[in-house]
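> The structure is given below, and queries will be raised subsequently.
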Amino acid sequence: MKKKILVTGGCGFIGSHTITLLLKIGFQIVVIDSNINSSIKVLDKIKFIAGKYENNPVDNLNFYKGDLRDFNFLDSVFKKENQKDEQIIFVIHFAGLKSVSDSNNLPINYWDNNIFGTINLIKIMEKYNCRSIIFSSSATVYDSKEISIFKEIDSTYPLNPYGNTKLAIEKMLKDVFESSSSKWKIACLRYFNPVGAHRSGLLGEDPKGTPNNIFPILNNVAAGCEKKFKVFGGDWETEDGTCIRDYIHVLDLAEGHLKILEHLLNGPAKFLIMNIGTGKGTSVLQLIKTFEEVNDLKIPFIITKRRKGDRGVIIADNKLSKEMLNWVPKMTLQDMCRDAWKWKKLNPKGY
Ligand code: UD1
């Protein structure tokens with residue numbers, strides 16, 4: 001019997017890449033997505049990629065368009081999918097709003113979407129006896145004022161409503177676990193900076209509206225849609241004066257989900273928080289240089305003032321994921337730059 005997994009936000013950047021790997025292994029996938037921030041076309045791309053796998057799992061993907069805040073909708077999905085002796089046994093919860101700047105402007109939208117969506121999800125999981133979940137959290141929850149390499153036990157202090165909702169959900173899940181700890185298996189994954197794209201060039205990061213994150217902006221400059229890349233600050237306390245981040249290829253991140261999924265499926269009840277990053281830092285200037293070299297192009301740039309609320313150095317301590325999962329991300333910065341640009345070249349307007 002195939003194991004059935006619900007993926008919320010499965011049409012998004014990380015969700016879509018993770019689904020391709022889950023299908024390859026032979027899981028049955030149920031996707032819920034409201035598509036307010038993603039494209040339904042992603043599903044065809046996933047199916048195209050999966051169609052090339054030996055097990056040809058294209059029929060193992062069911063999609064439901066809807067909002068997690070709609071309890072009746074969630075109930076109908078679980079009711080339908082839990083027929084035929086095939087229960088949803090695990091949830092990977094990617095769905096949520098994720099723009100820092102939007103969250104500053106519209107905090108209630110973030111609390112409403114991210115928190116109520118997750119509360120409903122947990123309620124429905126209880127109702128249908130499904131008590132295993134991976135939650136997409138973020139390194140943004142850390143208190144990054146003084147430290148630059150973060151361990152899971154380090155203190156938290158998000159600087160924006162988006163980060164506050166991520167931390168609140170982590171705490172909520174901990175409470176749920178504590179209330180009946182023999183039943184739940186819960187992992188909160190704190191992602192560092194997921195970038196890159198699927199090697200095929202069929203899946204990638206497709207932000208709606210003006211992009212804020214570095215890779216979509218680099219792609220726009222490389223494509224000539226924007227004249228110059230603005231480096232936010234050249235006066236940070238780093239070797240070249242620009243910010244350092246821990247960039248991780250989205251396919252490595254997807255693989256990290258598989259590892260944690262196996263770990264939870266085969267292990268006892270537990271609650272854990274885990275960083276998912278490479279443990280390596282790259283400055284903005286190093287990134288621009290690599291992007292130029294790998295893709296044989298020029299990124300004109302200027303150094304401007306610091307972005308409000310930015311941090312100098314943010315790197316994962318990934319000892320826990322290494323030890324517990326016996327896993328390390330494998331892809332290089334070159335892979336990330338090459339795949340991100342391939343996605344942009346093949347899909348200049350996104351999906
Ligand atoms: C941002 C979010 C964070 C989120 C993460 C991953 C902020 C303050 N934080 O983090 O909550 O979890 O994305 O999606 O928005 N940069 C430039 N020029 C640009 C754009 C970026 O120099 O035009 C630099 C930034 O200063 C930073 C690095 O590139 O050093 C990465 O920026 P970005 O992709 O926005 O990620 P984070 O700031 O790490």
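> Quick one: putting +1 on the C-beta of Lys and Arg, -1 on the C-beta of Asp and Glu, what dipole do you get for the chain around its Cα centre, in Debye to the nearest 20?
It works out to roughly 520 debye.
> Now for a separate question. Helix-only mean residue ellipticity at 222 nm, the chain, DSSP H runs n ≥ 4 weighted -39,500 (n - 2.57), per residue, nearest 500. What is it?
My calculation for the chain gives -11500 deg cm²/dmol from helical runs alone.
> Further question on the same structure: Kindly flag which residue pairs out of 2/344; 123/280; 98/298; 47/298 have an alpha-carbon separation exceeding 32 Å in this structure.
From 2/344; 123/280; 98/298; 47/298, over 32 Å: 2/344; 123/280; 47/298.
> Right, another one. How big is the gap, in Å, between the Cα center of the stretch 218-259 and the Cα center of the stretch 294-311?
About 8 Å separates the Cα centre of the stretch 218-259 from the one of the stretch 294-311.
> Hey, another quick one. Determine ³J(HN,Hα), in whole Hz, for all residues of the stretch 287-300 in sequence, where each value follows from phi through the Karplus function 6.51 cos²θ - 1.76 cosθ + 1.60 and θ = phi - 60°; x replaces Gly and Pro.
Each residue of the stretch 287-300 in turn: 5, 4, 4, 5, 4, 5, 5, 5, 9, 6, 8, 10, 10, x Hz.
> How many nm separate the modelled label positions at residue 172 and residue 146, each set 7 Å beyond the Cα in the direction of the Cβ?
With each label placed 7 Å out from Cα toward Cβ, I get 3.2 nm.
> Shifting gears a bit: If one puts a single equal scatterer on every Cα of the chain and applies the Debye formula without solvent, what log₁₀ I(q)/I(0) results at q = 0.07, 0.13, 0.15 Å⁻¹?
Those come out to -0.28, -1.02, -1.39, one per q.
> Right, something else. May I ask you to list the residues of the stretch 249-263 whose amide nitrogen lies under 17 Å from a point 7 Å from Cα along the Cα→beta-carbon direction of residue 346?
Those under the cut-off are 250-252.
> Along its principal axes, what span do the Cα atoms of the stretch 201-341 show, with the longest given first and each in whole Å?
53, 37, 28
> Mind checking the full-extension length gain between residue 269 and residue 116? Use 0.36 nm per residue of separation minus the Cα-Cα distance, one decimal, nm.
52.6 nm
> To continue, here is another question. Sequence neighbours fewer than 8 away in the same chain don't count; with that in mind, list the aspartates and glutamates whose C-alpha is under 18 Å from residue 171.
Partners within reach: 112, 126, 143, 152, 154.
> Need the full-extension length gain, residue 153 to residue 235, defined as separation in residues times 0.36 nm minus the C-alpha distance. One decimal, nm.
Full extension from residue 153 to residue 235 adds 26.6 nm.
> Taking amide H positions as placed in the peptide plane 1.01 Å from N, state which residues far from residue 270 in sequence (5 or more) or on other chains have amide H under 5 Å from it.
Long-range HN contacts for residue 270: 185, 186.
> May I ask what percent, to the nearest 5, of DSSP beta bridges between residues of the chain are antiparallel?
Expressed as a percentage, antiparallel bridges in the chain total about 5.
> Given a Förster distance of 41 angstrom, what is the FRET efficiency for residue 181 paired with residue 48, based on the Cβ-Cβ distance and rounded to 0.05?
E between residue 181 and residue 48, to the nearest 0.05, is 0.45.
> Hey, which of these cross-link pairs are over 30 Å Cα-Cα: 4/322; 65/228; 3/345; 319/345?
Violating the 30 Å Cα-Cα cut-off are 65/228; 3/345; 319/345.
> Let me ask something additional. With both partners inside the stretch 217-351, how many of the DSSP beta bridges are antiparallel, as a percent to the nearest 5?
In the stretch 217-351, DSSP labels about 25 percent of beta bridges as antiparallel.
> Between residue 123 and residue 36, how high is the FRET efficiency from 1/(1 + (r/R0)^6) when r is the Cβ-Cβ distance and R₀ = 22 Å? Nearest 0.05.
0.55
> Now, a different point. Stretched out fully, how many nm does the piece from residue 55 to residue 210 gain, at 0.36 nm a residue minus the Cα gap?
Additional length available on full extension: 51.9 nm.
> Let me ask another. Dividing the alpha-carbon Rg of the stretch 1-138 by 2.2 N^0.38 Å yields what?
1.03
Each value in this text was obtained by applying a stated rule to the coordinates, not by laboratory testing. Source: prediction; values computed, not measured. Every residue, glycine among them, receives a Cβ derived from its backbone with ideal geometry; neighbour counts consider all protein chains shown.
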